[in-house]
Amino acid sequence: MADVNGNNLTQSQIEELAIHLENAELEAYEVTKITDDFPDMTYRDAFDIQWEIRRRKEARGNKVVGMKMGLTSWAKMAQMGVEQPCYGFLADYFCCPDGGEIKHDELIHPKIEAELAFVTKEELKGPGCHIGDVLRATDFVMPAVEVIDSRYKDFKFDLKSVIADNSSSSRFVTGGRMADIADLDLKNLGVVMEVNGEVVQTGAGAAVLGHPAASVAMLVNMLGDRGESLPAGSFIMIGAITAAVQVNKGDSFTVRYQDLGTISGKFV
């Protein structure tokens with residue numbers, strides 16, 4: 001049996017599972033978590049499936065426009081029963097305009113999370129990347145809302161299954177104001193999420209691994225494990241500052257960010 005850094009799945013199994021999960025995303029239907037059928041799959045297998053989904057999208061002409069971290073709050077890890085954060089990629093068609101409409105029928109059971117996004121001006125490379133490296137390499141920070149949409153039935157999964165499913169990535173909205181990190185208190189930066197005019201969540205930047213830049217550093221180090229780096233000009237969403245809130249067709253949302261303006265949208 002391979003260790004966690006190796007593979008237990010064959011290349012053809014990895015490709016088949018990538019097709020299986022990507023079709024569920026593109027056609028908006030639920031599947032059961034893949035570790036039910038492949039209990040011996042490793043973390044390497046799970047990331048290989050995600051990277052195969054990414055390869056398939058790029059081969060069809062989609063562009064990867066950013067990266068996202070998931071399960072970056074201790075509360076969220078406990079809520080989902082997972083032991084460490086994970087990452088995913090953001091494809092071009094995931095991007096929705098601030099104040100615009102998001103098509104609910106293209107998704108399965110979407111939830112929204114208030115996040116921040118870092119945009120870099122220098123390449124970041126692991127291993128050994130830390131918060132100071134991230135802050136030095138950051139061009140600016142801006143607010144973002146992620147729409148997560150696990151392809152798994154009832155949003156139930158383990159860490160390996162969610163990694164393979166591109167960490168539940170589906171849509172995102174960014175906008176508001178950009179700001180220099182020197183002008184922000186990232187740990188204490190407050191957010192307020194409203195759905196249909198009612199406050200449903202509040203939070204502060206420290207909810208994300210103690211400091212938002214720690215999330216980017218962790219991403220860089222996880223990419224470093226695969227020999228990948230984060231190029232200059234990257235857009236990285238750091239993971240949820242607030243708990244995820246389920247949204248239904250007809251719901252509108254506004255998220256207010258301290259010193260960074262607002263982001264809004266409507267599910268139609």
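The values are calculated or read from the model by the stated rules, or taken from the named source; none is laboratory data. Keep in mind the model is a prediction, meaning the values are calculated, not measured. Here the Cβ positions follow ideal geometry from the backbone for every residue, glycine too, while neighbour counts run over all protein chains shown. For the accessible areas, the whole protein counts, side chains as well, though only heavy atoms, and no ligand, DNA or RNA atoms are used. Shrake-Rupley method; radii C 1.70, N 1.55, O 1.52, S 1.80 Å.
The GNM of the chain, with springs linking C-alpha atoms under 10 angstrom apart, assigns the highest mean-square fluctuation among SER252, SER169, SER161 to SER252. At q = 0.18, 0.25, 0.27 Å⁻¹, what is the base-10 log of I(q)/I(0) for region 3-61 according to the Debye formula with one equal point scatterer per Cα and no solvent? Please give it to two decimals. Ignoring solvent entirely, the Cα scatterers give -0.61, -1.07, -1.18. What are the ³J(HN,Hα) couplings of region 159-173, residue after residue, when phi is run through the Karplus curve with 6.51, -1.76, 1.60 and θ = phi - 60°? Round to Hz, x for glycine and proline. Karplus values, whole Hz, x for Gly and Pro: 5, 5, 5, 6, 4, 4, 8, 6, 6, 6, 5, 8, 8, 8, 10. Ranking MET178, MET142, MET218, MET193 by solvent-accessible area of protein heavy atoms (1.4 Å probe, all protein chains present), from largest to smallest, gives MET178, MET218, MET142, MET193.
How many angstrom lie between the Cα centre of region 187-221 and the Cα centre of region 44-104? Going from one Cα centre to the other spans 17 Å. Once neighbouring chains are kept in place and the probe is 1.4 Å, which whole percent of the accessible area of the chain is contributed by carbon and sulfur? Exposed carbon and sulfur together represent 48 percent of the surface. A helix-only calculation puts the chain at -7500 deg cm²/dmol for mean residue ellipticity at 222 nm, using -39500 (n - 2.57) for each DSSP H run of at least four residues, averaged over all residues.
Rounded to 0.05, the FRET efficiency of the ILE19 and TYR93 pair, given R0 = 30 Å and the Cβ-Cβ distance, is 0.95. For region 150-268, the Kirkwood hydrodynamic radius comes to 16.2 Å, computed from all pairs of different C-alpha atoms. Among the listed options [x] 7, 32, 38, 20, 3, 0; [y] 7, 29, 33, 20, 9, 1; [z] 7, 26, 25, 19, 14, 7, 2, 0, the one matching P(r) over Cα pairs in 10 Å bins from 0, in percent as calculated from these coordinates is [x]. Taking 25 °C and 0.890 mPa s as conditions, region 61-161 diffuses translationally at an estimated 156 µm²/s according to Stokes-Einstein applied to its Kirkwood radius (Cα pairs).
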